[in-house]
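**Student:** Quick one: the structure is below, questions incoming.
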Amino acid sequence: MKVLYIYFNAFSDIGGIQTFNRSFLKAADDLEYEKIFDFRTISLLDSKCDNKYIRKSLFKGFSGNRIQFSLRCIYEALSSDLVILGHINLSWVGYIIKKLLRKKVYIMAYGTDVWFRMSRLRESMLAEADKILSISQYTKQRMVDSHNVNPENVQMFYCSLDPYFEIPESLEKPKDLMTKLGINSSNKVLLTVARLSSEEKYKGYDQVLRALVSVIKEFPHTKYIIIGSGDEEEIQRIKRLIKELKLEDNVILTGFVSNEELTAYYKLSDIFIMPSKGEGFGIVFLEALVFGKTIIVGNKDASKEVVLDGEIGLVIDPDNIEQISDSILDTIKGNIRNELKDKEYLRSKALQEFGFDKYKERLKKYVLYN
């Protein structure tokens, strides 16, 4: 079985899709090494790969050159048994491979890329695909509703933690970071990790800021940390909102932090909260669960699937400020189910459902038995 994976990027940018692609490449590289199938991959935007995830001999990157990328995809597809299209926006080459070369083609479906109205070519690609691999039930339902996709043609391919994500042995709060931020044991710390984009205002940090006004009336030392790089327009808008709500002493905007620093921030936090309305999955929720954090998510996207519909997290209406503040206050006061306070339970359940080994087995199943 010869498998070809065509994708945009995994190493030249950061984000949920890039994290997914790195996990995919590592899983496929492992399975190729184990001689389960023969694997090759082609990237439109990456110029080089990271050997931790994929061997150089299996990788070819084109740094954005669409013509050379397309020609190489068609050439490699000629000798492939299965071509997996890493994004619906690669339909221009996927359609040629499917219709002219008559190869078996699977498509990855994430979130907003397949939720809304799309071009006729992309609609045709969804209809022609042999399988669609969706990262959530929510995305599957949106495709069925919006594009008349046959639900029997869609299989679940949930995200995983990055295989090199550090699973912490100790969950103790880092004293050096507490000192740096002026945080002590009397502070309850809320955390959001998100890209701050003026074009993607669905992460829910606005609602958390507004809910924080009520929270600090009871717990004035509560701190809310928002981690993430973004565009200047959005950052300035958030700062104005913080000032308007008189939360300057309670909110910390860190900007971009490295993976090593992010580990410390996860340990520092008491609650991870992101009541978003546009998540195709939400890998940051999974990361926070591995650190044993109580999670608060919205009920209007795929976020609730990461917390198993409330089994390992609190699910609230992301448009209801009162619900958000009540969920924060209940967590601070300990008025939540005991399982949601059990760090080891949350960690083990998240790894059981979404660990990398399970992800790799899922890939093996879909390639070999579908």
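**Student:** Looking at I97, I42, I67, which is the one that is aliphatic (A, V, I, L, M), at pLDDT 95 or above and touching an Asp or Glu at 6+ places or on another chain (Cβ under 9 Å)? Spell out how you get there, then give the answer.
**Tutor:** Numbers: I97 fails: touching an Asp or Glu at 6+ places or on another chain (Cβ under 9 Å); I67 fails: touching an Asp or Glu at 6+ places or on another chain (Cβ under 9 Å).
Result: I42 is the single residue among I97, I42, I67 that is aliphatic (A, V, I, L, M), at pLDDT 95 or above and touching an Asp or Glu at 6+ places or on another chain (Cβ under 9 Å).
**Student:** Residues to consider are T179, T192, T139; find the one that is β-branched (V, I, T) and outside any helix (DSSP H, G or I).
**Tutor:** T192 is the lone residue from the list that is β-branched (V, I, T) and outside any helix (DSSP H, G or I).
**Student:** Only one residue in S80, S70, S124 is more than 25 Å from the chain's Cα centre (by Cα), surrounded by 14 or more Cβ atoms within 10 Å (Cβ to Cβ) and not in a helix (DSSP H, G or I). Which one?
**Tutor:** Criteria check complete, one pass: S80.
**Student:** Is it fair to say R72 is more than 19 Å from L363 (Cβ to Cβ) and in the same structural domain as T139 (by TED's automatic domain parsing)?
**Tutor:** Values: more than 19 Å from L363 (Cβ to Cβ): yes; in the same structural domain as T139 (by TED's automatic domain parsing): yes.
Against the criterion (more than 19 Å from L363 (Cβ to Cβ) and in the same structural domain as T139 (by TED's automatic domain parsing)), R72 qualifies.
**Student:** Let me ask something else about it. Only residues that are modelled with pLDDT under 95 and either outside the structural domain of G228 (by TED's automatic domain parsing) or not hydroxyl-bearing (S, T, Y) (or both): list them for region 268-284, please.
**Tutor:** K277, G278, E279, G280, F281, G282, I283, V284 - these are the residues of region 268-284 that are modelled with pLDDT under 95 and either outside the structural domain of G228 (by TED's automatic domain parsing) or not hydroxyl-bearing (S, T, Y) (or both).
**Student:** Another question about this same structure. Condition first: modelled with pLDDT under 95 and more than 18 Å from I316 (Cβ to Cβ). Now tell me which residues in region 195-220 satisfy that.
**Tutor:** Residues satisfying the conditions are R195, L196, S197, S198, E199, E200, K201.
**Student:** For region 142-176: of the residues being among the hydrophobic types (A, V, I, L, M, F, W, C), assigned to a loop (DSSP other than H, G, I, E, B) and surrounded by 15 or more Cβ atoms within 10 Å (Cβ to Cβ), which is farthest from the chain's Cα centre (by Cα)?
**Tutor:** Filtering first and then ranking leaves V149.
**Student:** Looking at (1) surrounded by 15 or more Cβ atoms within 10 Å (Cβ to Cβ); (2) in a loop (DSSP other than H, G, I, E, B); (3) of a type in the set (D, E, K, R), can you tell me which one K360 breaks?
**Tutor:** The one condition K360 does not meet is (2).
**Student:** Could you identify the single residue in D326, D330, D342 that is out of contact with any strand residue (DSSP E or B) (no Cβ under 9 Å at 6 or more places or on another chain) and either of a type outside the set (G, A, S) or over 20 Å from E172 (Cα atoms) (or both)?
**Tutor:** Selected residue: D342, the only one of D326, D330, D342 that is out of contact with any strand residue (DSSP E or B) (no Cβ under 9 Å at 6 or more places or on another chain) and either of a type outside the set (G, A, S) or over 20 Å from E172 (Cα atoms) (or both).
**Student:** Where in region 221-300 are there helices (runs of 4 or more DSSP H), lying fully within it, with 2 or more residues that are of a type outside the set (D, E) and farther than 17 Å from L181 by Cβ?
**Tutor:** In region 221-300, 232-244, 283-290 are the helices (runs of 4 or more DSSP H) which contain 2 or more residues that are of a type outside the set (D, E) and farther than 17 Å from L181 by Cβ.
The values are calculated or read from the model by the stated rules, or taken from the named source; none is laboratory data. Please read all numbers here as calculations on a predicted model, not as lab measurements. As a convention, Cβ positions derive from the backbone with ideal geometry for all residues, glycine included, and neighbour counts pool all protein chains shown.
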